[in-house]
Amino acid sequence: MNAFKPRETLTEQVARHIENLIAFEQLRSGERIYESAMAKQMDVSHGSIREGLLLLEKRHLVRNVPRKGAFVTPLDEHFVRSLYETLELYLTHTGRKLVRQWQPADMQRLESLYEQMRDRFQKNDLMAFLELGIEYTKASLAYADNYFIVSAIEDLWPSAKRCAFVAFRHGGTQVLEDNLAHMEESIQVIRERDEQALADILHRYAVQQCEQVLSALNH
């Protein structure tokens, strides 16, 4: 019997649309988001836009300022460093659990996603590459067994995607190659059940990604 899977709500659809506008810099850092214009553009009610913006505030992409409106969260050095420091902490904690407990099906999933990402890279499909990268990290959270960490990481994905695009815009395909190299190295040490090696890889990668984004912002 197939499990029931509800369709994405209108609020989620609105949030995803605005999220992509922000991630791909059609709405820029600090820019005001006008509810009426967005409602007209998307052919939805003001209420739906407002609900979507509240969801995006929880996901750190929007700031709702009383009596002033909604603004794209500024992408500055403090934001970027905070993001990668937090991601490293969470992913290292959960990665250690994965190293200790993974099953063959987990490795098959990670390797399959890595191969799909290589294919998307060769086809220059950035959007699919980024989405698969998120799926890869979600798959690595299989043994997190921590409600708060999983929930927090879910809310950080949109900012991670936003930063990844900024880095790609400046660094080009080298950024994607670095991403693939990191994944290949990670899979190897996960397979070897080497916790410290994985922690070292995650630290190097977080530092590298952070510096790539900051370099892009300074140009």
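The single condition among (1) outside the structural domain of Leu156 (by TED's automatic domain parsing); (2) in contact with a helix residue (DSSP H, G or I) (Cβ under 6 Å, 6 or more places away or on another chain) that Glu88 does not satisfy is (1).
This table checks each residue for (1) at positive phi; (2) assigned to a strand (DSSP E or B); (3) hydroxyl-bearing (Ser, Thr, Tyr); (4) in contact with a Pro (Cβ under 7 Å, 6 or more places away or on another chain).
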site	(1), (2), (3), (4)
Asn20	no, no, no, no
Glu25	yes, no, no, no
Met38	no, no, no, no
Ser48	no, no, yes, no
Ala70	no, yes, no, no
Pro74	no, no, no, no
Phe79	no, no, no, no
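Touching a residue at least 24 places away in the same chain (Cβ under 8 Å), surrounded by fewer than 16 Cβ atoms within 10 Å (Cβ to Cβ) and small (Gly, Ala, Ser): does that describe Gly47? In short, no.
With respect to (1) surrounded by 17 or more Cβ atoms within 10 Å (Cβ to Cβ); (2) free of Cβ contacts under 8 Å to residues at least 24 places away in the same chain, the lone exception for Gly172 is condition (1).
For every residue, the table says whether it meets (1) assigned by TED's automatic domain parsing to the domain that holds Ile33; (2) modelled with pLDDT of 95 or more; (3) more than 13 Å from the chain's Cα centre (by Cα).
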| residue | (1), (2), (3) |
| --- | --- |
| Ser82 | no, yes, yes |
| Ala105 | no, no, yes |
| Arg120 | no, no, yes |
| Asn124 | no, no, yes |
| Leu132 | no, no, no |
| Glu135 | no, no, no |
| Ser140 | no, no, yes |
| Val166 | no, no, no |
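Highlighted here are the helices (runs of 4 or more DSSP H) found entirely within segment 96-174 that include at least 1 residues which are over 30 Å from Pro74 (Cα atoms): 104-122. Of everything in segment 3-18 that is part of a loop (DSSP other than H, G, I, E, B) and basic (Lys, Arg), the residue that is modelled with the highest pLDDT is Arg7. Taking the listed residues Leu61, Leu27, Leu21, Leu56, the one that is within 27 Å of Arg169 (Cα to Cα), out of contact with any helix residue (DSSP H, G or I) (no Cβ under 6 Å at 6 or more places or on another chain) and not acidic (Asp, Glu) is Leu21, with no other qualifying. Apart from one condition, Arg32 fits all of (1) under 22 Å from Ile149 (Cβ atoms); (2) surrounded by fewer than 19 Cβ atoms within 10 Å (Cβ to Cβ); (3) not small (Gly, Ala, Ser); the exception is (1). Total residues in segment 178-219 satisfying the condition of being closer than 28 Å to Ala105 by Cβ, under 16 Å from the mean Cα position of the chain (by Cα) and of a type in the set (Val, Ile, Thr): the figure is 0.
The values are calculated or read from the model by the stated rules, or taken from the named source; none is laboratory data. These numbers were taken from a predicted model, which means no experiment stands behind them. Cβ sites come from the backbone with ideal geometry, for glycine too, and all protein chains shown count toward neighbours.
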